[in-house]
1. Only residues that are β-branched (V, I, T) and more than 11 Å from the chain's Cα centre (by Cα): list them for segment 39-62, please.
2. Would you check which residues across segment 1-20 are modelled with pLDDT of 95 or more and closer than 20 Å to A72 by Cα and list them?
3. What pairs come out if I take residues in segment 9-22 that are among the charged types (D, E, K, R) and pair them with residues that are modelled with pLDDT of 90 or more and in a helix (DSSP H, G or I) whose C-beta lies under 9 Å away, six or more apart or interchain?
4. Of all residues in segment 117-160 being modelled with pLDDT of 85 or more and not in a helix (DSSP H, G or I), which is most open to solvent (accessible area, probe 1.4 Å)?
5. In segment 17-30, how many residues are surrounded by 18 or more Cβ atoms within 10 Å (Cβ to Cβ), of a type outside the set (G, A, S) and in contact with a Gly (Cβ under 9 Å, 6 or more places away or on another chain)?
6. Just one of (1) more than 20 Å from L124 (Cα to Cα); (2) touching a helix residue (DSSP H, G or I) at 6+ places or on another chain (Cβ under 6 Å) trips up E79, so point out which.
7. Report the residue count in segment 71-89 for those that are open to solvent by less than 10 Å² (accessible area, probe 1.4 Å) and either among the hydroxyl-bearing types (S, T, Y) or over 17 Å from E32 (Cα atoms) (or both).
8. Could you list, in sequence order, the residues of segment 36-62 that are in a helix (DSSP H, G or I) and either within 14 Å of P107 (Cα to Cα) or free of Cβ contacts under 8 Å to residues at least 12 places away in the same chain (or both)?
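The values are calculated or read from the model by the stated rules, or taken from the named source; none is laboratory data. Since this is a predicted model, take the numbers as computed values, not measurements. Neighbour counts run over all protein chains shown; Cβ positions are idealised from the backbone, glycine included. These accessible areas exclude ligands, DNA and RNA; they are computed on the full protein's heavy atoms, side chains included. Shrake-Rupley method; radii C 1.70, N 1.55, O 1.52, S 1.80 Å.
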Amino acid sequence: MSAKGFGQSPQNPKIDKLVKLAVRHCRQRSPEGLDSIFDNLPVNLNKQVVAATLAALQQDIDTLSWYCGYFAGEINRAEDNQKPNSITKLSKILITTGMEPFADFVPYPGCRIVILNSEKFESLPEEVKAIVQQAFVVMENSSEEVQRVNDALLQELVVE
């Protein structure tokens, strides 16, 4: 990951403050708190805060997995923390087996995970791949197809 997390790089003080707040909301399992941050930032700052928050959570696999569930749209309200969250559990499995969120796999809106590093995924133990295949429909797509789907989802998310 490109960012080093708060307190570890010469960042904008505003970003540092937002990252500390985002980390606190993640540890408190507060999707509403994260929404209050991410819904009000310009895209360039949003990306920086997301990356720095990921880096800050690197050693906290439970919270990092929860953060993935949040980004996949699995956790939208605090009440969702009480439900069985398959993206969160799957993210934890992938992280503990050596895959990095937002580098090797990406939690995606609509309760999906996109595997970016198929070679690393293929090298995972068979039981891990079996868990993924049991929990989700696994589809292989070309990078062009993934980009087309991504563009279509972005169009749906754009508010005019």
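1. Within segment 39-62, V43, V49, I61 meet the criteria.
2. V19
3. As it stands, the answer is D16/A52; K20/A56, since those pairs meet every condition given.
4. The qualifying residue most open to solvent (accessible area, probe 1.4 Å) is S123.
5. 4
6. (2) is the only condition that E79 fails.
7. 1
8. Correct list: S36, V43, N44, N46, K47, V50, A51, L54.
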